[in-house]
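K.L.:
Handing you this structure, nothing more for now.
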Amino acid sequence: MKDIYMDNNATTMVDSVVVEEMLPYFSEQFGNPSSMHSFGNKVGFALKAARKQVQRLIGAEFESEIVFTSCGSESDSTAILSAIKAQPDRKEIITTVVEHPAVLTLCEFLETEGYTVHKLKVDTKGRLDLDEYRSLLSDKVAVVSVMWANNESGTIFPVEKMADMANEHGVMFHTDAVQAVGKLPIDLENSNIHMLSLSGHKLHAPKGVGVLYLKRGTRFRPLLRGGHQERGRRAGTENVTSIIGLGKACELAMTHMEFENVQVKAMRDRLQEGILSAVPYSFVTGDPENRLPNTASIAFEYIEGEAILLLMNKVGIAASSGSACTSGSLEPSHVMMAMSIPYTAAHGTVRFSLSRYNTMEEVERVVAEIPPIVAKLRKLSPYWKEDGPAENPEQSFAPVYT
Amino acid sequence: MWNYSEKVQEHFFDPKNAGAVDDANATGDVGSLSCGDALRLTLKVNPESEIIEDAGFQTFGCGSAIASSSALTEIIKGKTIDEALEVSNQDIADYLDGLPPEKMHCSVMGREALQAAVADYRGEEWSDDHEEGALICKCFAIDEVMVEETVRSNNLHTVEEVTNFTKAGGGCSSCHEAIEGVLTRVLAEKGESFVAAGIGGAVPAVAATPKESMATGALKRIRLIEKVLDEVRPALQADNGDVELVEVTGKAIYVHLTGACSGCQMAAMTLGGIQQRLIEELGEFVKVLPDTEMPVEIAGA
Ligand SMILES: Cc1ncc(COP(=O)(O)O)c(C=O)c1O
Ligand code: FES
């Protein structure tokens, strides 16, 4: 039987149509778009077309607002570092505790360089407190960086509203929309968002290409200086084939937007309902009311995520986990910890992230496979007795931690 | 995905001795903060002979935690408790044909559960004697607490000193930023500040010189090898060990590890680290092997 891929928030399969679109630019039209000869003459047009396709998907007003980069992380770094370099007198940054490491690790580094980083907290459903946010906005803030949708829980933040609030205080607003682009309709022309990051490999384009959207007029300092590529805002010969692939992928995402929000969502809902009704002591993390249509993050209490993934992998199901072990870090996912999910559940979170390539049959297969896997591991767990958690699990098993 | 050995997979997918032993007379509950894993080990010890007649585990943890628990119970069954206490975490890892460096603490947890269970059997209070932190150096599996304590107690000031004392940083060098971070923090406590010793990354002399004739090249090569061994020696001696060059045949460099190093849990990693240094210093790929693996025809010669 074919393996089932439900880890699309990690990365996606490149659509075959996208691959086809890219192929001629490896061997026939391989020229440098900056060159004068005919080997590159079609390349310039293809880049322009790709830029237009991206522009349309995110509703940018001008195509020159699209700056191609190498990945989502580069876009994030470029945006935040640009904002602080362009406004050297502003020494504060506002972000959230649940950002992707692409933003958080950079902000933590900037703290060591003398910046004050305000990390907005989230409640147990992963929601922000906009009053807390409002109270932090001031002319000391160089940039607000808040993700559009969370990669682990799928929770959507009200970034458009937050950008309006920042704008009232004259503060630059960046959003990491890597998980949102292609899954949610986006209209940047009518927003106060100054900068937005997206990454190709999350929407069926290849890995190694991203975009920084830069609203016209936003003060900017490039990360890479050098050639005139991207109007001098990102030097370096363009990753032509991938950019062309990304353009095509954006066009496809546009045509599949409704499918994503109806059919994919229906599969996600069935998956979630099927698992929750069959597995006791499991629950959804994040904000089910404001969530990406493709994501379901489910916590299985009293067992550990990596062990679950290994058993799932054995039956051909791919997903990911917020457990400490899978990330090789100390703590279980910072996103789960931020939502105050108890530690015996945070370690057992599994993120299912679907795409338009999944089918309802696959969903049913997963719904059938998960309960025995969870049961097998619970039998091994010191927190579990026969068919339920041990009484007062945290007390009946209280190991000496070292 | 982690690179788990067949043996780890076997013990994870089909664990031995899962569940609590029915009439257990010893229980050890331990957890590892560094992974959130936790383990309960129950033993049935014969009060006359002190032989562990049965052992069972319950584990809240990842694949290697479950596999380590399963391996531990297999190893100790039939042993007396004194014999069982001789089992090191490296024995558990070896039984599983090795664990990734990030996962070595799973085997440590197994050993600690055993100590805790024995303490419980003897009516003693068990307290843990080591702390664990985030893994800083992947090449040598050295964690932050270890680096920090060594810096503090030996009054270290440079990355190079840290490498000499702990081995951390002696391989690929990608952890140097993190080591500098620890130095900066610890030195700041004393009101000092960390000063980098130059730009780092000294180019090995051999890389700069043009290729030489085989004859002089071979001698130079041996000298370079000796030089590298001299550099790692202080770190080994800090662990009461030592290293000697035994033979060089082509790409294979045989060394003799002595003292604490020969059986120490880091033996394989020590060799790996020396190998990395030699590759960098010689500018060519070489393999560092223990003299015990030397083919007879060379050893005999
Ligand atoms: C929210 C978010 N931001 C940034 C990134 C990083 O993107 P990239 O892998 O293209 O650098 C990811 C992907 O893992 C993500 O999920
Ligand atoms: S990680 Fe420390 S030397 Fe390689």
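The values are calculated or read from the model by the stated rules, or taken from the named source; none is laboratory data. Owing to the predicted nature of the structure, the values given are computational and were not obtained by experimental measurement. Using ideal geometry, Cβ is built from the backbone for each residue, glycine included, and neighbour counts are taken over all protein chains shown. Surface accessibility is based on the protein's heavy atoms, side chains included, excluding ligands, DNA and RNA. Shrake-Rupley method; radii C 1.70, N 1.55, O 1.52, S 1.80 Å.
K.L.:
7 Å from Cα along Cα→Cβ at both residue B:188 and residue A:63: what's the point-to-point distance in nm?
P.N.:
Each label point lies 7 Å from its Cα, and together they span 4.9 nm.
K.L.:
In the range A:270-402, if every C-alpha pair distance is counted and binned at 10 Å from zero, what percent goes to each bin?
P.N.:
Reading upward from the zero bin: 12, 44, 35, 8, 1.
K.L.:
If I take every Cα pair under 8 Å that is 6 or more residues apart in chain A, average their sequence separation and divide by the length, what percent do I get for the relative contact order?
P.N.:
Relative CO of chain A lands at 21 percent.
K.L.:
Which order, highest average first, do A:281-294, B:231-244 follow once you tally other Cβ atoms within 10 Å for each residue and take the mean per peptide?
P.N.:
Top to bottom by mean Cβ count within 10 Å: A:281-294, B:231-244.
K.L.:
Same structure, new question: Report the full-extension gain for the segment residue B:138 to residue B:5: residue separation times 0.36 nm, less the Cα-Cα distance, to one decimal in nm.
P.N.:
Full extension from residue B:138 to residue B:5 adds 46.1 nm.
K.L.:
Further question on the same structure: How large are Rg and Dmax for the range A:16-253 when calculated on the C-alpha trace, in angstrom?
P.N.:
17.9, 59
K.L.:
Right, something else. Rounded, prolate or oblate: which one fits chain A, using the alpha carbon gyration tensor with axes a ≥ b ≥ c (rounded when a/c is under 1.5, else prolate when a/b beats b/c, else oblate)?
P.N.:
Since a/c reaches 1.5 but b/c is at least a/b, the shape of chain A is classed as oblate.
K.L.:
Report the full-extension gain for the segment residue A:49 to residue A:273: residue separation times 0.36 nm, less the Cα-Cα distance, to one decimal in nm.
P.N.:
Separation in residues times 0.36 nm, less the Cα-Cα distance, equals 76.4 nm.
K.L.:
Report the local net charge at residue B:76: Lys and Arg +1, Asp and Glu -1, summed over other residues whose C-beta lies under 13 Å from its C-beta.
P.N.:
Result for the neighbourhood of residue B:76: -3.
K.L.:
First select every other residue whose beta carbon is under 14 angstrom from the beta carbon of residue A:270; then total the charges, Lys and Arg +1, Asp and Glu -1.
P.N.:
-2
K.L.:
Report, in listed order, any pair from A:314/B:16; A:119/A:265; A:379/B:16; A:52/A:183 with a Cα-Cα distance greater than 24 Å.
P.N.:
Too far apart for the 24 Å limit: A:119/A:265.
K.L.:
Another question about this same structure. Working out 0.36 nm times the residue gap between residue A:259 and residue A:400, then minus their Cα-Cα distance, what length gain in nm do you get to one decimal?
P.N.:
Extra length available between residue A:259 and residue A:400 comes to 45.7 nm.
K.L.:
Say we join alpha carbon atoms closer than 10 Å with springs in a Gaussian network model of chain A; which of A:126, A:44, A:72 then has the biggest fluctuation?
P.N.:
Highest fluctuation among the options: A:44.
K.L.:
Peptide B:109-122: average number of partner chain Cβ atoms within 10 Å per residue?
P.N.:
Taking the mean over all residues of the peptide, I get 1.
K.L.:
Might you report the magnitude of the Cβ-based charge dipole of the protein assembly as shown about its Cα centre, with Lys and Arg at +1 and Asp and Glu at -1, to the nearest 20 debye?
P.N.:
Computed about the Cα centre, the dipole is about 3280 debye.
K.L.:
Still on this model: Quick check: at a probe of 1.4 Å, how many percent of the accessible area of the range A:140-273 sits on carbon and sulfur atoms?
P.N.:
49 percent
K.L.:
Could I ask something else about it? How much accessible surface area, in Å² rounded to 10, belongs to the heavy atoms of residue A:5 with a 1.4 Å probe?
P.N.:
Ignoring ligands and nucleic acids, residue A:5 comes out at about 90 Å².
K.L.:
Hey, another quick one. Calculate the length of the line joining the C-alpha centroid of the range A:18-44 to that of the range A:225-257, in whole Å.
P.N.:
A separation of 13 Å, based on Cα centres.
K.L.:
Keeping all protein chains in the complex and leaving out DNA, RNA and ligands, what accessible area do you get for residue A:201 with a 1.4 Å probe, in Å² to the nearest 10?
P.N.:
The accessible area of residue A:201 comes to roughly 40 Å².
K.L.:
I need the calculated FRET efficiency for the pair residue A:105 and residue A:11, taking r as the beta carbon distance and R₀ as 22 Å, to the nearest 0.05.
P.N.:
0.70
K.L.:
Okay, next question. Would you kindly find the accessible area of residue A:45, with a 1.4 Å probe and non-protein molecules such as ligands, DNA and RNA excluded, rounding to the nearest 10 Å²?
P.N.:
Residue A:45 exposes around 150 Å² with every protein chain in place.
K.L.:
Please express the shape of the protein assembly as shown as an equivalent ellipsoid: the semi-axes are the square roots of 5 times the eigenvalues of the C-alpha gyration tensor, given largest first in whole angstrom.
P.N.:
With the √(5λ) rule applied to the protein assembly as shown, the semi-axes are 46, 36, 25 Å.
K.L.:
Where in chain A are the DSSP H helices whose alpha-carbon span along the long axis reaches 15 Å or more and whose Kyte-Doolittle mean is at least 1.0?
P.N.:
A:101-112
K.L.:
Quick check: from the Cα gyration tensor, does the range A:175-268 come out rounded (a/c under 1.5), prolate or oblate?
P.N.:
It is oblate, given that a/c is not under 1.5 and a/b is not larger than b/c.
K.L.:
Nothing charged except the Cβ atoms of Lys and Arg (+1) and of Asp and Glu (-1): what's the magnitude of the dipole of the range B:1-96 about its Cα centre? Round to the nearest 20 debye.
P.N.:
Dipole magnitude for the range B:1-96 comes out near 320 debye.
K.L.:
A further question follows. Looking at the P(r) of the range B:135-203, how many percent of alpha-carbon pairs lie beyond 18 Å?
P.N.:
Considering the range B:135-203, 27 percent of its Cα-Cα pairs are separated by more than 18 Å.
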